[in-house]
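**Student:** Sharing a structure, written as structure tokens. Questions coming.
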Amino acid sequence: MEVKNKILDKSFLKKILSSKGAYLLLLPGMGLFFTFILFPLIYSLRMSFYKWNIVDIGASKFIGFSNYVRVINDPIFIRATLNTIVYTLITVPGQILFALVVAILLNQKIKGRTFFRVAYYIPVITSWVVVTFLFEYFFGSQAGLVNFILKDMLHLVDKKIMWLTDPILVMIPLNLLGIWKGVGWSAIILLAALQNIPLDLYEAATIDGAGIWHKITKITLPLIRPTLVFLVVVLVIGGFNVYVSGLLMTKGGNPLDLSHFILTLMYKKTFTNLDFGYGSAISYLLAAFIFMVSVIEIKLLRRKVEY
Amino acid sequence: MKRLSIFLIVIMLITGMTLEGVAEEKEAVTYWHTMGDAEEEALKKVIEMFEEQYPNIKIKPTRMAYDDFKPALLIGIAGGVVPDTARLDIIWVPEFAEIRALVALDEEMEGFDEIIANTYPGPTSTNFWKGHYYGLPQDTNTQVLVWNKQMFEEAGLSGPPETIDEFVKYAAVLSNPDEEIYGYTMGGTYFWAPASIFYAMGGEVTDSEITTAIGYINGEKSVAAYQVLVDMYRDESLSPLLLGGGGIGAFEGLATGKYAMIIEGPWAHPILKSDYPEFEVNFALVPRGPDVTTSSVVGGQNVVIFEGSQHKDEAMLWAKFLLSEEAQLTIGETGAIPTLSTVQGNERLPEYYDVFMEQLKTAKARVPHPKWAEMDNAINNAYQYMLRDEKTVQQALDDAAEEINRLIIEE
């Protein structure tokens, strides 16, 4: 009986695969994919090897790896890369740490749990533009809330701090924003992982006399490890792609192009300076770098979980 | 992701256009601009007049934010989707002409010579690049001093400063940094902001043939001009607003007694009048430098037609119409100074234009060059280095001179 079924299934599958109908069904999706993802991807790869002329494309000159060499030797690009790496190194652990605390708290049987779950998720669904303006307002020099608290309320500083015009200080609101906005999303993912942990493990641990700390380090963390790996990989990719908040808060790298992230620099080079080849080269370097980092992360972090 | 969204925008533009094309039988001429609220209202009237005269043509205006305008046009050019016409900042015309995005109007527009015969030569010249005119001057402007009379009176000052020395002294008297009150403020470090003081003190960016910046942007007078501003910043009589970072805006501060003086264009009047109806707007000429009379910087906008336009004939009619007396007066009532000499002194134009017309006589144009945006950036950076005390004024401008020369040679 079973054998017969299998044969039936196989021939059925074969039928579908051999018929042109399947391809017809795939067509719209693949069409969109080729037009909007694959084609631009390959096209910009080509651009990265040219001194690209946007109006007269025929006049573009093939210059090999020159764009890549220019990018790597550009002090502004190096600064932007450092800013981006620091942003990633701060916001990824920051998000995961806070998200873990939030997830553990939200996993308790507390009053108003649904309200808190929604509250923590609201920043995630709010537009980057809106929350960036909000943070800009908080950290504004003359009329900002943070300066008001620091100087006028607590008298901790004598002069109002120019948060947004200093290339180093501006990283503080940017990183805080990155953490604050991401906590809710990570918390929801972690919450799902926490809820998959069988409660009897904790009960057994309690009987064995384990305290809260031991329960977290010996049960919770090992069991949510795959989720943590997933979060690290996704958040690192997100960290390297930071764009909107940087563009708005630093007005595109102000002052002196010192506060760029990789993508804001890519945008400025491409669409302000019209250096399309240079911009494409930055994109491909970033993509290669993210790919490498992700492979390393997965290799390092993914170990077999033993119950 | 970025790339993807740009393609999506281009596609949206394309589909948006074709859908509307199907819906309307009339030829639609698109017109992109960066007008303010008051001007936009006036534009609506001008469009009505035009469509009455040419019932078969429809004008579709699109208002853009100034900062997004150039990137949007460039992305459009790259994607082959451009508006038929646009009102461009005068400093962008050489750049767009150089990439062959604009129609040479002196070659293709019927009656071009007659039109420009009635315009002021200064604004008209900003359309000229490598032997051809690529636009018509739509409006012109310059910056003058705007001062808060009440603050002056309270400080015991009888009137606005007439020389740069007085300007510096008054600004110091009017400032009270502990209360965040400043004698003078400017909106940023981009060249337009200090340009009026720069030119009034005899500063120059390059020679008139645009062959070198050395001895010009880092010349004695240019250095002196920036030195004055840097000293004012150190003395806290120039507000830190120019560095950005969320300070109180120039208009807001002027009207609310935070800033005593700003240097602004004619749009200051409608903006201040609508946001602060109680505030008394007072204009004065830019203070005189040591040996120059007075001077300022020429701004303005040109109407251009894009090479990619599918409706060039209709676009020409629209561009010409914008240069008609009626159109110039209608938009001219709202803060955009007409470029037609034939309407000068017309009673429909506001009285405060007098001071701007006077200032325009001595105002100077920025370098008409396709690389101007990058030159501006080099000077902007130099100004930042000075204010941050990372370079002396001379060092910063020496470096800017070299950078500008590199840009000239690249061309």
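**Student:** Within 27 Å of residue B:240 (Cβ to Cβ), at pLDDT 90 or above and open to solvent by less than 50 Å² (accessible area, probe 1.4 Å): does that describe residue A:102?
**Tutor:** Numbers: within 27 Å of residue B:240 (Cβ to Cβ): no; at pLDDT 90 or above: yes; open to solvent by less than 50 Å² (accessible area, probe 1.4 Å): yes.
It is false that residue A:102 is within 27 Å of residue B:240 (Cβ to Cβ), at pLDDT 90 or above and open to solvent by less than 50 Å² (accessible area, probe 1.4 Å).
**Student:** Is it fair to say residue A:285 is surrounded by fewer than 22 Cβ atoms within 10 Å (Cβ to Cβ), in contact (Cβ under 8 Å) with a residue 12 or more places away in the chain, more than 25 Å from residue A:101 (Cβ to Cβ) and within 11 Å of chain B (Cβ to nearest Cβ)?
**Tutor:** For residue A:285, the condition - surrounded by fewer than 22 Cβ atoms within 10 Å (Cβ to Cβ), in contact (Cβ under 8 Å) with a residue 12 or more places away in the chain, more than 25 Å from residue A:101 (Cβ to Cβ) and within 11 Å of chain B (Cβ to nearest Cβ) - is not met.
**Student:** Here's another thing I want to ask about it. Scan B:292, B:230, B:286 and give me the residue that is modelled with pLDDT of 95 or more, closer than 22 Å to residue B:161 by Cβ and assigned to a loop (DSSP other than H, G, I, E, B).
**Tutor:** B:286
**Student:** Select from the stretch B:259-280 the residues that are under 28 Å from residue A:166 (Cα atoms) and out of contact with any Phe, Trp or Tyr (no Cβ under 7 Å at 6 or more places or on another chain) and list them in ascending order.
**Tutor:** Scanning the stretch B:259-280 gives B:262, B:263, B:264.
**Student:** If you don't mind, another one. Could you look through the stretch B:309-358, keep only residues that are among the aliphatic types (A, V, I, L, M) and assigned to a loop (DSSP other than H, G, I, E, B), and pick out the one that is modelled with the highest pLDDT?
**Tutor:** The selected residue is B:323.
Matching residues to (1) open to solvent by less than 50 Å² (accessible area, probe 1.4 Å); (2) at positive phi; (3) touching a strand residue (DSSP E or B) at 6+ places or on another chain (Cβ under 6 Å); (4) not aliphatic (A, V, I, L, M):
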position: A:144; (1), (2), (3), (4): yes, no, no, yes
position: A:161; (1), (2), (3), (4): yes, no, no, no
position: A:178; (1), (2), (3), (4): yes, no, no, yes
position: A:189; (1), (2), (3), (4): yes, no, no, no
position: A:195; (1), (2), (3), (4): no, no, no, yes
position: A:200; (1), (2), (3), (4): no, no, no, yes
position: A:207; (1), (2), (3), (4): no, no, no, no
position: A:210; (1), (2), (3), (4): yes, no, no, no
position: A:214; (1), (2), (3), (4): no, no, no, yes
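To keep it simple, each residue is scored yes or no on (1) open to solvent by 80 Å² or more (accessible area, probe 1.4 Å); (2) at pLDDT 95 or above; (3) closer than 30 Å to residue B:272 by Cα.
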position	(1), (2), (3)
B:32	no, yes, yes
B:38	no, no, yes
B:41	yes, no, yes
B:44	yes, yes, yes
B:48	yes, yes, yes
B:56	yes, no, no
B:80	no, no, no
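**Student:** Pull out all pairs, ordered by first then second residue, where Cβ-Cβ is under 8 Å, the residues are six or more apart or on different chains, the first lies in the stretch B:101-112 and is in contact (Cβ under 8 Å) with a residue 12 or more places away in the chain, and the second is assigned to a loop (DSSP other than H, G, I, E, B) and aromatic (Phe, Trp, Tyr).
**Tutor:** Filtered contacts from the stretch B:101-112: B:102/B:134; B:103/B:134; B:104/B:134; B:105/B:134.
**Student:** Among (1) open to solvent by 60 Å² or more (accessible area, probe 1.4 Å); (2) in contact (Cβ under 8 Å) with a residue 24 or more places away in the chain; (3) in a loop (DSSP other than H, G, I, E, B), which single condition is residue B:394 missing?
**Tutor:** Against the list (1) open to solvent by 60 Å² or more (accessible area, probe 1.4 Å); (2) in contact (Cβ under 8 Å) with a residue 24 or more places away in the chain; (3) in a loop (DSSP other than H, G, I, E, B), residue B:394 comes up short only on (3).
**Student:** Identify all residues within the stretch A:194-225 that are touching a Lys or Arg at 6+ places or on another chain (Cβ under 9 Å) and not β-branched (Val, Ile, Thr); write none if there are none.
**Tutor:** A:201, A:202, A:205, A:210, A:225, listed by residue number.
**Student:** Of the residues A:277, A:238, which single one is within 14 Å of chain B (Cβ to nearest Cβ) and touching a strand residue (DSSP E or B) at 6+ places or on another chain (Cβ under 6 Å)?
**Tutor:** Exactly one of A:277, A:238 is within 14 Å of chain B (Cβ to nearest Cβ) and touching a strand residue (DSSP E or B) at 6+ places or on another chain (Cβ under 6 Å), namely A:277.
**Student:** Is it the case that residue A:168 is without any contact (Cβ under 8 Å) to a residue 40 or more places away in the chain and open to solvent by less than 10 Å² (accessible area, probe 1.4 Å)? It would help to see each step written out before you state the result.
**Tutor:** Values: without any contact (Cβ under 8 Å) to a residue 40 or more places away in the chain: yes; open to solvent by less than 10 Å² (accessible area, probe 1.4 Å): no.
Criteria not met by residue A:168.
**Student:** Right, something else. Which of the residues belonging to the stretch B:306-337 are free of Cβ contacts under 8 Å to residues at least 60 places away in the same chain and either open to solvent by 40 Å² or more (accessible area, probe 1.4 Å) or over 24 Å from the mean Cα position of the chain (by Cα) (or both)?
**Tutor:** Correct list: B:313, B:325.
**Student:** Look at residue B:249 and say whether it is farther than 19 Å from residue B:292 by Cβ, within 14 Å of another protein chain (Cβ to nearest Cβ) and either open to solvent by 20 Å² or more (accessible area, probe 1.4 Å) or touching a strand residue (DSSP E or B) at 6+ places or on another chain (Cβ under 8 Å) (or both). Steps first, answer last, please.
**Tutor:** Values: farther than 19 Å from residue B:292 by Cβ: yes; within 14 Å of another protein chain (Cβ to nearest Cβ): yes; either open to solvent by 20 Å² or more (accessible area, probe 1.4 Å) or touching a strand residue (DSSP E or B) at 6+ places or on another chain (Cβ under 8 Å) (or both): yes.
It is true that residue B:249 is farther than 19 Å from residue B:292 by Cβ, within 14 Å of another protein chain (Cβ to nearest Cβ) and either open to solvent by 20 Å² or more (accessible area, probe 1.4 Å) or touching a strand residue (DSSP E or B) at 6+ places or on another chain (Cβ under 8 Å) (or both).
The values are calculated or read from the model by the stated rules, or taken from the named source; none is laboratory data. Not measured: the values here are computed from a predicted model. Ideal geometry is used to build each Cβ from the backbone, glycine not excepted, and the neighbour counts take in all protein chains shown. Heavy atoms of the whole protein, side chains included, go into the accessibility calculation; ligands, DNA and RNA do not. Shrake-Rupley method; radii C 1.70, N 1.55, O 1.52, S 1.80 Å.
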